[in-house]
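Q: Dumping the structure here so I can ask a few things about it.
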Amino acid sequence: MKHNYQELGPHILLMHAEHETDRPILAAITGSRRTLLMDAGNSPAHAELFRQELARRGRPQPDLLVLTHWHWDHSFGMSAWNAPVIAHAETAQMLHGLSGLSGTDEELEHLVREGIISEGSVKHIRLEYGSGPSRAINVFKPEVVFTGSITIELGGVSCELIHVGGDHSADSCVLHVIEDKVLFLGDALGPSVYGGPRRYSSTSFLKLLELVYHYGTEWIVESHGVPMTEEEFRADLAPWERLARLVDVFGDNRERVLLELKTYLKLEELPPGLLQGVEYFLEGAR
Ligand SMILES: [Zn+2]
């Protein structure tokens, strides 16, 4: 397996996402005094790879860890880091609820039945941790809990973790690395994934997008994507923004939304990803 790392801005080293077992981007932000880690990884094995890379490059190990939201792929590596965890109150509450978990098949099936995780997550967890009966899953209630936002000073670089909520997960936060002009979105712009069909609410999607652009950063990073300049991000999101605006106006009128979107994009057929997005937004409009 090949792991790619990227320096972004003067203070950030990030480890790219891997889709096979749903590993999100991890990032270490290093100031003159402290190093902050964004997201814990989906397993101790994932965490270990990043730790080794930091050591190999002579970079300090994290002193503090922030979570963008509670989802397993962002949090289940947390026990592998020797650093206090900072998280939003709703993230903390969810992790507290999962803190007895060791990850047996029975427990995972129970969580699926409760709508807390999905079959897709279980498939990825089995791939990441192995299909044997014991899995080294160990989550706990974070040490530092906040509401609204929290600022972390690392020495010459400040990070602001801001609760934004949204469809994907009510506890979603974004991380703004102020001096480096980088905004980590976590999965905040994603559709809802647990407890029913995937859906997007056009109103909250547009509100989030407006917030993202309000920061005016140079880089925007979604946890399961690749870092994009703001210009690339705007171009990438333009069809989605238009789709959200159409659903805002035409509600769940599928024919009209499809027609208007094809006309706007000057396309006979929509690409599969966007077509799926149409269904998520229509679901959100019902
Ligand atoms: Zn997520």
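Q: For the residues ASP252, ASP187, ASP171, what sequence is obtained by ranking on other C-beta atoms within 10 Å, fewest first?
A: Going from least to most buried by this count: ASP252, ASP187, ASP171.
Q: Quick one: 3J(HN,Hα) in Hz for the range 264-280, Karplus 6.51/-1.76/1.60 with θ = phi - 60°, rounded, Gly and Pro as x.
A: Once rounded to whole Hz, the list reads 4, 8, 6, 10, 6, 10, 7, x, x, x, 6, 4, 5, x, 4, 5, 4.
Q: Further question on the same structure: Relative contact order, percent, of the range 146-278 when contacts are C-alpha pairs under 8 Å separated by at least 6 residues? Mind showing how you got there, number by number?
A: Details: 185 pairs, mean separation 20.1, N = 133.
Normalised by residue count, the contact order of the range 146-278 is 15 percent.
Q: Which order do the peptides 89-96, 177-184 come out in when sorted by mean C-beta neighbours inside 10 angstrom, highest first?
A: Details: 89-96: 19.6, 177-184: 21.2.
The most tightly packed comes first, giving 177-184, 89-96.
Q: ARG254 to GLU20: FRET efficiency via 1/(1 + (r/R0)^6), r the Cβ-Cβ distance, R0 41 Å, to the nearest 0.05?
A: Values: r = 33 Å, r/R0 = 0.81.
The pair ARG254/GLU20 has a calculated efficiency of 0.75.
Q: Then there's this: Which of rounded, prolate or oblate describes the range 12-152 when judged by the alpha-carbon gyration tensor and an a/c cut-off of 1.5?
A: Numbers: a/c = 2.17, a/b = 1.40, b/c = 1.56.
It is oblate, given that a/c is not under 1.5 and a/b is not larger than b/c.
Q: Here is a further query. Among HIS176, HIS88, which comes first, second and so on when ranked by fewest other beta-carbon atoms within 10 Å? Don't skip to the end; give the middle numbers.
A: On the way: HIS176 18, HIS88 29.
Placing the least packed residue first, the sequence is HIS176, HIS88.
Q: Most exposed first by the Cβ proxy, i.e. fewest other Cβ within 10 Å, how do TRP81, TRP72 rank? Kindly include the intermediate steps, with their values, before the conclusion.
A: On the way: TRP81 21, TRP72 24.
The fewest-first ordering by Cβ neighbours comes to TRP81, TRP72.
Q: Using a Cα-Cα cut-off of under 17 Å, which aspartates and glutamates could be cross-linked to LYS123, ignoring same-chain neighbours fewer than 8 residues away?
A: GLU18, GLU20, ASP22, ASP73, ASP105, GLU106, GLU107, GLU109, GLU114
Q: Further question on the same structure: To one decimal place, what orientation-averaged projected area in nm² is obtained for the convex hull of the Cα set of the range 143-286? Walk me through the numbers on the way to the answer.
A: On the way: hull surface 38.7 nm².
Here the figure is 9.7 nm², rounded to one decimal.
Q: Bin by bin, in steps of 10 Å, what percent of the Cα pairs in the chain do you find, going until the bin that has the longest distance?
A: That works out to 6, 28, 34, 23, 8, 1, in percent per bin.
Q: Amide H neighbours of PHE146 under 5 Å, counting only residues 5+ apart in sequence or on other chains, H built in-plane at 1.01 Å?
A: For PHE146, the qualifying residues are ALA87, HIS88, ALA89.
Q: Quote the relative contact order of the range 5-226 in percent (integer), defining contacts as alpha-carbon pairs under 8 Å separated by 6+ residues.
A: Numbers: 477 pairs, mean separation 42.9, N = 222.
Worked out over the range 5-226, it gives 19 percent.
Q: If you take the beta carbon distance between ARG33 and THR147 as r and set R0 to 25 Å, what does 1/(1 + (r/R0)^6) give as a FRET efficiency, to the nearest 0.05? Can you show the working numbers first?
A: On the way: r = 26 Å, r/R0 = 1.03.
Step by step, r from the Cβ atoms, then E = 0.45.
Q: Return the FRET efficiency for the residue pair GLU48, ARG234: r is the Cβ-Cβ distance, R0 is 30 Å, and the value is rounded to the nearest 0.05. Can you show the working numbers first?
A: Working: r = 36 Å, r/R0 = 1.21.
Calculated value: 0.25.
Each reported figure results from applying straightforward, stated rules to the coordinates on display, with no laboratory input. Predicted, not measured: the structure shown is a model, and the values here were computed from it. Cβ sites come from the backbone with ideal geometry, for glycine too, and all protein chains shown count toward neighbours.
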